[in-house]
1. Anything in segment 82-112 that is closer than 20 Å to P70 by Cα and within 13 Å of ligand 2 (Cβ to nearest atom)? List them, or say none.
2. Within segment 47-58, work out how many residues are part of a helix (DSSP H, G or I) and away from ligand 2 (no atom under 13 Å from the Cβ).
3. If you go through segment 112-135 one residue at a time, do you hit one that is among the acidic types (D, E), more than 24 Å from F59 (Cβ to Cβ) and either away from ligand 1 (no atom under 13 Å from the Cβ) or assigned to a loop (DSSP other than H, G, I, E, B) (or both)?
4. If I ask for residues that are at pLDDT 95 or above, aliphatic (A, V, I, L, M) and surrounded by fewer than 19 Cβ atoms within 10 Å (Cβ to Cβ), which ones from segment 1-33 would you list?
5. Being free of Cβ contacts under 8 Å to residues at least 40 places away in the same chain, touching a Gly at 6+ places or on another chain (Cβ under 8 Å) and within 11 Å of ligand 1 (Cβ to nearest atom) is the requirement here; does R56 meet it?
6. Identify, by number, the condition in (1) within 16 Å of ligand 2 (Cβ to nearest atom); (2) of a type outside the set (K, R); (3) under 15 Å from the mean Cα position of the chain (by Cα) that S61 doesn't meet.
7. In segment 33-46, how many residues are among the charged types (D, E, K, R) and in a helix (DSSP H, G or I)?
8. Restricting attention to segment 60-98, report how many residues are under 14 Å from E25 (Cα atoms), free of Cβ contacts under 8 Å to residues at least 60 places away in the same chain and not in a helix (DSSP H, G or I).
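The values are calculated or read from the model by the stated rules, or taken from the named source; none is laboratory data. Since we're looking at a predicted model, the values are computed, not measured. All Cβ positions, even for glycine, are placed from backbone atoms using ideal geometry, and neighbour counts span all protein chains on display.
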Amino acid sequence: MQERTFAIVKPDAFRKGYTGEIIGEIAKAGFKVVAIKKASISKAQAAGFYAVHKDRPFFDSLTAFMSSGPIVMMVLEKANAIADWRKLMGATNPANAEEGTLRKKFAGSIEENAVHGSDAPETAAFEIGYWFAGYELI
Ligand code: ATP
Ligand code: MG
C-alpha cells in the first residue's frame with residue numbers, strides 16, 4: 001500500500017545549496033514526488049506548523065529559523081514512506097545521525113538540521129493539508 005509523507009528542505013540546507021542533492025537522494029531511495037514547491041514562510045505560519053512544540057524552550061528560535069529564508073516543501077509517496085523518510089533523514093541531532101543519512105551529511109546543528117519529515121500518519125495528514133491544497137496533490 002502506498003503511503004504519503006511530508007518533507008521540507010529547511011532554510012539552512014536551501015541556503016547552502018543542498019536542495020538538488022537532497023532531491024536526488026529522495027529519487028534514488030524510490031520516493032515519488034507527488035507535489036513540490038519553494039516558499040518563504042512567515043513566523044506565524046511556522047508557528048502553526050510546529051504548534052505541537054509551542055511549549056518547548058526552542059519554539060521561538062525554531063520558528064524564527066524556519067522563517068529565515070526559502071524552503072522547499074514536498075509530498076513524498078511510496079510504501080512505508082513515513083518511516084523510510086525518517087530513516088533517510090537520520091536523528092534530529094546530527095551528532096547522533098547515522099552514516100549515510102541526510103542529517104549526517106547536511107545538518108549543522110540540532111536546530112539547523114537540514115530536513116523535516118512527518119512522524120506518524122496523523123501528522124503527515126495534518127502537515128500535507130497545512131501546506132498543500134487538494135488540487136495540488138492529484
Ligand atoms: P522535524 O519535526 O523537523 O522533522 P524531528 O521530528 O526530528 O524534526 P522534533 O522533536 O519534532 O524533531 O523537533 C522539531 C525541530 O525542532 C527539529 O527538527 C529541530 O529543528 C528543532 N529542535 C528539536 N529539538 C531541539 C533542541 N533541543 N534545540 C533546538 N532546536 C531543536
Ligand atoms: Mg518532528
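1. Selection gives M89, R103, I110, E111.
2. Final tally of qualifying residues: 2.
3. The answer is no, given that none of the residues of segment 112-135 is among the acidic types (D, E), more than 24 Å from F59 (Cβ to Cβ) and either away from ligand 1 (no atom under 13 Å from the Cβ) or assigned to a loop (DSSP other than H, G, I, E, B) (or both).
4. Quick first cut of segment 1-33, residues at pLDDT 95 or above only: 2-33.
Retained after the next criterion (residues that are aliphatic (A, V, I, L, M)): 7-9, 13, 22-23, 26-27, 29, 33.
Listed by number, the residues that qualify are I23, A27, A29, V33.
5. no
6. (3)
7. 1
8. Residues that pass the stated criteria total 1.
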